[in-house]
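Data block below; observations after.
The values are calculated or read from the model by the stated rules, or taken from the named source; none is laboratory data. The structure displayed is predicted, hence computed values, not measured ones. For neighbour counting, all protein chains shown are included, and Cβ atoms are generated from backbone atoms with ideal geometry for every residue, glycine included.
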Amino acid sequence: MAATPPRNEQPDAAAPRGELTVRTIAMPADTNANGDIFGGWVMAHMDQAGGIAGVERAQGRVVTIVVEKMTFIQAMRVGDVLEVYTEVESVGRTSMKIHIEAWAQRFQTHDRDKVTDADFTFVHVGDDGRPRPIPPEPR
């Protein structure tokens, strides 16, 4: 019997956009006083996933310089699995914009909800920390 595909509570976002880049479980130490997972914990994993995608595209070190349009849609709870998806949207001479989405696979279910998304801008830098050109995309 085939596994049931994840259900999405968001009618305007049927499926995650991009490539699954980071997946981790939310633990009790990651909560705020209300028992929800800290938004900063989610954002940190989004930044990490964007860094992974940026390093792969730039073939070198990248740093985050801008986060745009982040709105938290759903709360995460202990036991939920955070799934972070990335998609390189545009590449300039030294910087790139990466769209990043965070989704929660709910504890002990296949239900999945979009938690937040944002556009992150990364700059490719050398060992000296100064911007350097992003090479053409490998074939």
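Would the stretch 55-67 turn up any residue that is part of a helix (DSSP H, G or I) and without any contact (Cβ under 8 Å) to a residue 24 or more places away in the chain?
Within the stretch 55-67 (the criterion being part of a helix (DSSP H, G or I) and without any contact (Cβ under 8 Å) to a residue 24 or more places away in the chain), the answer is yes, since at least one residue qualifies.
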* Kindly indicate whether E19 is charged (D, E, K, R) and modelled with pLDDT of 95 or more. => yes
* Would you point out the residue of the stretch 65-98, among those that are closer than 24 Å to D30 by Cα, crowded, with 16+ Cβ neighbours inside 10 Å and polar (S, T, N, Q), that is nearest to the chain's Cα centre (by Cα)? => T86
* Residues G40, G92: which one is among the small types (G, A, S) and closer than 16 Å to D117 by Cα? -> G40
* Asked: Assuming T86 fulfils every condition listed in (1) outside any strand (DSSP E or B); (2) at pLDDT 95 or above apart from one, which condition is it?
  -> (1)
* Tell me which residues, restricted to the stretch 21-41, are touching a helix residue (DSSP H, G or I) at 6+ places or on another chain (Cβ under 9 Å) and among the hydrophobic types (A, V, I, L, M, F, W, C). => V22, A26, I37, F38, W41
* Asked: Any residue at all in the stretch 99-109 that is closer than 30 Å to A75 by Cβ, surrounded by fewer than 18 Cβ atoms within 10 Å (Cβ to Cβ), in contact with an Asp or Glu (Cβ under 7 Å, 6 or more places away or on another chain) and among the acidic types (D, E)?
  -> no
* To do: Mind counting the residues in the stretch 101-139 that are under 19 Å from Q59 (Cα atoms) and within 18 Å of the chain's Cα centre (by Cα)?
  => 4
* Asked: Mind checking which residues of the stretch 110-139 are closer than 27 Å to Q74 by Cα and surrounded by fewer than 16 Cβ atoms within 10 Å (Cβ to Cβ)?
  -> H110, D111
* **Residue list for the stretch 39-62, restricted to those being surrounded by fewer than 14 Cβ atoms within 10 Å (Cβ to Cβ) and among the hydrophobic types (A, V, I, L, M, F, W, C)** => A44
* Examine the stretch 122-130 for a residue that is under 15 Å from V67 (Cβ atoms) and at pLDDT 95 or above, and state whether such a residue exists. => yes
